Amino acid sequence: MDFALREEYRLVQQTARAFAIAEILPQAARLDEEHRFPAEIVRRLGELGMMGILVPEAYGGAGMDTLAFVIALEEISRACAGTGAILAVNNSLVCDPILRFGTEEQKRRYLPILASGREIGCYCLTEPAAGSDAASLRTTAREDGPYWVLNGTKSFVTNGAEAWLAIVFARSEPTEGSRGISAFLVEKDRPGMVVARVERKLGINASSTCEVRLEDCRIPRENLLGSRGQGFRIAMHTLDGGRIGIAAQAVGIARAALEDALAYAQKRVQFGRRLVDFQAIQWKFADMSTRIEAARLLTYRAAWLRDRGSPHTLEASVAKLFASETAMWAAHQGMQVFGGYGYLRDYPAERHFRDARVTEIYEGTSEIQRFIIARRLLEGGNP
Amino acid sequence: MNVVVCIKQVPDTEQPIRVKPDGSGIEEQGLNWILNYYDEHAVEEALRLRERHGGTVTVVCAGPARATEAIRTALAMGADEGILVSDPLLEGTDHLGLARALAQAIQRLSWDVVLCGRLATDDNAAVVGPALAEFLGVPQATAITRLEVGEGVARVEREVEGGVEVLEVQLPAVFTVERTINEPRYPTLPGIMRAKRQEIRTLTLADLGLAGAGAEGEAARVRYVRFDPPPRRETGEVIRPENPEEAAERIAAFLRDVAKVL
Amino acid sequence: MEGIWVLAEHTAGQLRRITLELLGKGRALADARGSRLVALVLGHGVEPLAGPLAEHGADGVLLADHPSLASYGVEAYTHVMSRAIHEHRPWAVLVPSTANGRDLAPRVAARLGAGIVTDVEDLWVEGEQLVARRPMYTRKAVGTVAFVGDGPRIAVMLPKVFPPADRQEGRRAEVRRLEVNLETVPVRTRVVERREVRRERVSLVEAEIVVSGGRGLRGPENFALLEELAAELGAAVGSSRPPVDSGWVPHDYEIGQTGKTVSPTVYIAVGISGAPQHLAGMSGSKYIIAINKDPNAPIFQVASLGVVGDLFEIVPRLVAAVRRLRARA
């Protein structure tokens, strides 16, 4: 077992950190305040190869792996969790399934554009009545000559407002449940694909969360991703990777909470001493740092398993559960260090608090993660 | 236009630097080793020369084995080739010894311009650049803020006290660059993958034909005796005046009575 | 003319202040070793400088006077200085840490195989050894370094660290002219233009007082406030990094890890929070006065006098207060 990051991963970390600190962090508060999509930052992330980290060089990507992805994502999310969400979705929920399940033609058509950052993608699985229970989705895909015709409503679509390509899950077969679902690639300019609403929300405001409606949306037959009825498997495998990404995003947010609180405590003086000189405050930092370290190692392990092609559903859930709850807890502690100022918009603590919350909810709530972990235990897996 | 860039791996001085209790050096544990900031600008300037004039960019670095990471950073930015000069005999050498070894490594290449950062942020010496120029027998300009290369001649600007000097320097030449010369690019992820596949040649003093030629540590003319933490500043007084008039009076009084500069 | 040498830098017929600082330190070293203090002057028409050099402590003055030395050029200067050191074998040579001194000294050291230490902020004799102290790691450590072995020792000395030598009227020195022959020296660098940088009454690194502005100034127009204060104090104006990054002031204003290092007698930080990267460039100042409205600004931790308040209200009144005091004095 070797816990030292290899040289290329350290370089990824350095470059992502340098870019995040110099180019993203100074804008993070304003992006949040104005709910603004960081178009220029996304374009530059594309130039750096960070919008297509897993995409092979032949398709215009970086040709790296999940470990490189989580390392970069942690750094970007430390600066701006919303930008982290945009990057996470494009890499793990859009490029990854096209890479794993797409035809050669589909890879050549979509990946170079998505990896370049010129355009981004979104992932349409959840529906108003099918959240955690994704297998009950009701969007339909009907065959009509050389076309598929899609109808339905998708909710909580990250990047929905800006995406050029959507991966849409719809029921194409008469069977109920998970077996009747297929995945489709839908370009934004297809008639019948409508961004119905941009949601107002608590955090990660640099990224959009949308409701997307499909109204007799016609797409060519060759836009089927994978095979008919394979959609649910694609969705679940993709979410395993997505959850590792959310874990990395959560680690980044937790680190932001720690680092900002630490900087503040080093200069804030009360009772004639700096806050960091009080043991009560020091212990908070020690606990935050310890949990962040553990969350990062769990995240790295899940990424490592995925890169080896080993089963990792359980490990992805463990990482996502622990990292997201660590982020929320660290943001809470961080705000406490700031005291009253932590509650004000002028300081970063409340942004981290708002940003952390979603990591416990999206790409599988903490309850779903616990369900997955417990089920494994009940099936007689190793505790 | 073939450009050689001399780089150095240094501890990230934006992070805490702690002196060992026995004063023998700084604590190396937990240090983050990076490409010297000034050298990033030198690499960037070299890449821009290549973009304008063609040719190659070779980075040369003297240091221990871990310094390959700094070389790979430069390769990931876009440099073509990397060479590490590494030898236990260099331990304890001074800047002239290093410059001798680097000059010898550079002599074996085909080059028109050598670029260095103005200084390295670990020891702030700013000695290797001009010493290299001397050993290579070429002209130099240090701390340049602008570089334009023409036919056999470069036009550079350098800051001097109270002004800017514009110089014409015949090539080949050595230049050390100031950080204002450009904004360095970030290494890209595909660049990092390319750099990973590139072979970095390692040269020892024997490879360079320099064994016993004065580059070794034992030939050094200066030797560090000890290191100390910086002297602590005496904490002063922080006041919250009632009004701006009082503030101004207090500062003026300080200038006259304490600093004695009025 | 062995002993301790000082390379005397001069401009417009005057010795630079740093030359006087080095003469002061050089005198102390020469006395400690019981040897002579010699000033080396390169230039054209520099003979009138011999008097002031003697009056500031030089026992001997070596003049290298030649039309080709009228302005600094690395090749001619390296040649002349190296020859002089080679022939006269000084024990140590003190070179000012100026743009030209830093350009020249390493090259001379390389030519002679001399020991060289730059950024020297203290220098003393221990037995037969010359020992220097210098800031390192962006002032997060201080290194003590000894010259070893035989042969010349070159110390490049930081400005504003040593007090300038006192003038002793009527003091005389032995003046000798060096033979300067530059025929064999290739000249491959040529100064084609010199641009004075506007404002600088005093250069930032040489100024006794520096007035410096940060993000708190809110815009380029407000640097006029600092210019006014600086004019009143005879100070130079600098800045932290944000005003430079925002394009309010030119790059050469920047003080800090990525800019200049200054160590004036008084550093007045106006609207500067005091990030480590800025402190790296100014914490060597003797007195630091900070004006900032945020009582938690880290600059107050290094300030000799910290004033919590609105710079826009305080600075104009400070200009008036300084004017009054000066009128009285």
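The ratio of the alpha-carbon radius of gyration of the range C:65-145 to the globular-protein estimate 2.2 N^0.38 Å is 1.22. Evaluated at 10 °C with a viscosity of 1.306 mPa s, what Stokes-Einstein diffusion coefficient in µm²/s does chain B have when Rh comes from the Kirkwood expression over alpha-carbon pairs? For these conditions, the coefficient is 78 µm²/s. Averaging Cα coordinates gives a centre for the range A:68-82 and one for the range A:316-344; these two points are 16 Å apart. For A:E104 and A:E33, what does the FRET efficiency come to when R0 = 35 Å and r is the distance between their Cβ atoms, rounded to the nearest 0.05? After rounding, the FRET efficiency stands at 0.20.
Listed by chain and number, the lysines whose alpha-carbon sits under 26 Å from that of A:K188, ignoring those within fewer than 8 places in the same chain, are A:K107, A:K154, A:K201. With kT/(6 pi eta Rh) evaluated at 37 °C and eta = 0.692 mPa s, and Rh the Kirkwood radius from Cα pairs, the range C:227-329 diffuses with a coefficient of 233 µm²/s according to Stokes-Einstein. In percent, rounded to a whole number, the relative contact order of the range B:98-205 is 28, using alpha-carbon pairs under 8 Å and six or more apart. Were the residues from A:E367 through A:L202 laid out at 0.36 nm apart, the gain over their Cα-Cα distance would be 57.4 nm. A crude spin-label estimate for the pair A:L297 and B:R66, with each label 7 Å from Cα along the Cβ direction, gives 2.2 nm. Put a dot 7 Å past the Cα of A:Y343, heading toward its Cβ, do the same for C:E221, and the two dots end up 3.8 nm apart. Relative to the dominant Cα principal axis of chain B, helix B:68-77 is inclined by about 90°. Using only the Cα atoms of the range C:135-203, build the gyration tensor, take square roots of its eigenvalues as a ≥ b ≥ c, and label the shape rounded, prolate or oblate: rounded if a/c is under 1.5, else prolate if a/b is larger than b/c, else oblate. Rounded, since a/c falls under 1.5. Ranked by the mean number of other Cβ atoms within 10 Å of their residues, highest first, the peptides A:16-24, B:77-85 fall in the order B:77-85, A:16-24. Distances between placed amide hydrogens fall under 5 Å for B:V225 paired with C:T144, C:V145, C:A146, all partners being 5 or more residues away or on another chain. Averaged over the residues of C:317-326, the number of partner chain Cβ atoms lying within 10 Å of the residue Cβ comes to 5.
Cα extents for the range C:121-170 along the principal axes, largest to smallest and rounded to whole angstrom: 41, 30, 17. Binning all Cα-Cα separations of the range A:240-321 at 10 Å, short to long from zero, yields these whole-percent fractions: 19, 37, 22, 15, 6, 1.
To the nearest 20 debye, what is the magnitude of the charge dipole of chain A about its Cα centre, counting +1 on the Cβ of each Lys and Arg and -1 on the Cβ of each Asp and Glu?
Here the size comes out at about 420 debye.
Each peptide in A:147-155, C:186-194 receives the mean, over its residues, of other Cβ atoms within 10 Å, and ordering these scores from highest gives A:147-155, C:186-194. Work from the charge dipole of the range B:173-220 (Cβ charges, +1 for Lys and Arg, -1 for Asp and Glu, about the Cα centre) and give the residue of B:A211, B:T188, B:Q198 farthest towards its positive end. Selected residue: B:T188. Packing here is the average count of other Cβ atoms within 10 Å per residue, and on that basis the peptides B:87-97, A:63-73, highest first, run A:63-73, B:87-97.
Calculated from the alpha-carbon coordinates, the range A:1-109 shows an Rg and a Dmax of 14.4, 46 Å respectively. Normalised by residue number, the volume inside the convex hull of the Cα atoms of the protein assembly as shown is 181 Å³ per residue. Look at the dipole of the protein assembly as shown built from charges on Cβ: of C:M157, C:A290, B:L90, the Cα furthest out on the positive end belongs to C:A290. The chymotrypsin sites (Phe, Trp or Tyr not before Pro) of the range A:256-358 that DSSP puts in a loop, and whose beta carbon has at most 16 other beta carbons within 10 Å, are A:F271, A:F278. Kirkwood hydrodynamic radius, computed over distinct alpha-carbon pairs, for chain A: how many Å, to one decimal? One over the average 1/r among Cα pairs gives 21.1 Å for chain A.
For the range C:44-85, treating each Cα as an identical point scatterer without solvent, what Debye log10 I(q)/I(0) comes out at q = 0.16 1/Å? Results for the range C:44-85 at q = 0.16 Å⁻¹ read -0.47. Please tell me which of these pairs span more than 27 angstrom C-alpha to C-alpha: B:K20/B:K260; A:K267/C:K286; B:K20/C:K160; B:K20/B:K196; A:K267/C:K140; C:K160/C:K293? Over 27 Å apart, Cα to Cα: B:K20/B:K260; B:K20/C:K160; B:K20/B:K196; C:K160/C:K293.
Laboratory data are not the source of any read-out in this text; all were calculated from the coordinates shown. Keep in mind that this is a model prediction, so the values were computed, not measured. Cβ atoms come from the backbone with ideal geometry, glycine included; neighbour counts cover every protein chain shown.
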